[in-house]
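The values are calculated or read from the model by the stated rules, or taken from the named source; none is laboratory data. Note that the structure is predicted; figures quoted are calculated from it, not measured. Cβ placement follows ideal geometry from the backbone for every residue including glycine, while neighbour counts extend to all protein chains displayed. The area values use the complete protein model at the heavy-atom level, side chains included, leaving out ligands, DNA and RNA. Shrake-Rupley method; radii C 1.70, N 1.55, O 1.52, S 1.80 Å.
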Amino acid sequence: MSATTPTTPAPSDSKGGALSLILQLRTYIALIAVLAFFAFAAPNFLSVASFTIMLQHIAIIAILGIGMSFVILTGGIDLSVGSTAGLAGMVAGMLILNGIVLEPLGIVIYPSIPLVVVITLGVGALVGLINGALITRFGVAPFIATLGMLYVARGSALLSSNGTTFPNLVGTSAHGNTGFPFLGAGQLLGVPVPIWLMIVIAAIAMLVAGRTAFGRYVYAIGGSERAATLAGVRVNKVKTLVYIISGLCAALVGLIISSQLVSAHPATGETLELSAIAAVVLGGASLSGGRGTILGTLIGACVIGVLSDGMIMMGVSEFWQMVIKGSVIVAAVVLDQIQKRFITGARS
């Protein structure tokens, strides 16, 4: 009987394993790095007040990113989320200040705040439905369809007030529509409402993505749309639903921002789509679809939020902030391509 000697892995194998681990943990490494940097570079960065404000900013990016995650997992993209958020805020402001005018009856109905929220979310869902229909029914590329909707939604927001702001959205007791500021500035158990909303939406999204048939279909479509179709997945229906989810998340963000500011401006949400996409890609999702997690998107949103607030606290120019954010997006995509090639090479 001949003895066999155990083989030790080649140095290249150990290096490859280390590189693979670094690529998989890149979002956590980036978060630790930016936290450590700003803890030393920015005054009062670690204070409770600063962290609370930062978490509210992260909540906005995270909620948008969660909706974007479902879209990107199918291999799509939604460039209209920032404009949808702006349109949603304007719809809410118009309903609170002007109500619903029924000219034939000569009356004005002022909906309650819960009804305002429902109507506004309905507008976001409608935008998502139109995006989904353009992509699935008319074969328009997601980039083009949502880019067009970006302009349509922003133009509609501007038209709703001729480019002006809907101010002082506190409502009146006589109209029964008070309480709107609570959505963005209120607290439950000492925690701001936007953070609670982020936690609840993230938990639901994780459950849907990881434990339901719909979540499996989303990943299947991103992995291979043709294979999903042959397996009996109703691809068009699922793809339409993910754009509706993205529209709903964008509308909720518009409500939160307008509530925090107690006013609605048609320019609200500009460039937020870039932050949402960056959060998803930083979180490990592939722009080609089929790979990514909601948890990764949350960590990616934390990186973007910490980076943005940290630069503001350091007094970095807004122009440089744009350069740095753009560089982060490009770096995230490059790392995604490196990881994709590494995985492909390891399998071959």
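Data table
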quantity	calculated
Solvent-accessible surface (1.4 angstrom probe) belonging to Asp78, in square angstrom, nearest 10	0 Å²
Net dipole in debye of the chain [+1 Lys, Arg Cβ; -1 Asp, Glu Cβ; about Cα centre; nearest 20]	1020 debye
Estimated distance in nm for a label pair at Ala39 and Leu105, the labels positioned 7 Å out from Cα along Cα-to-Cβ	6.0 nm
DSSP H segments from the chain that extend 18 Å or more along their own axis, Cα-based, with Kyte-Doolittle mean of 0.5 or above	26-41, 48-73, 81-97, 113-136, 142-159, 193-211, 235-261, 294-313, 318-347
Within the accessible area of the chain (1.4 Å probe), percent carbon and sulfur	70 percent
Peptides 194-202, 240-248, 61-69, 223-231 ordered by average Cβ neighbours within 10 Å, highest first	61-69, 240-248, 194-202, 223-231
222 nm mean residue ellipticity, helices alone, for the chain (DSSP H n ≥ 4; -39,500 (n - 2.57); rounded to 500)	-23500 deg cm²/dmol
Choice from Phe138, Phe70, Phe180 showing the highest fluctuation, given a GNM over the chain with Cα pairs closer than 10 Å	Phe138
Cross-link reach list, aspartates and glutamates versus Lys239, counting only Cα pairs under 13 Å and skipping chain neighbours closer than eight places	Asp78, Glu225
Relative contact order (percent, whole number), the range 47-335, Cα cutoff 8 Å, 6+ residue spacing	36 percent
Top positive-direction residue, dipole computed over the chain with Cβ charges, set Pro114, Ser173, Leu35	Leu35
Accessible solvent surface per residue of the chain, calculated while the other protein chains remain in place, 1.4 angstrom probe, Å²	49 Å²
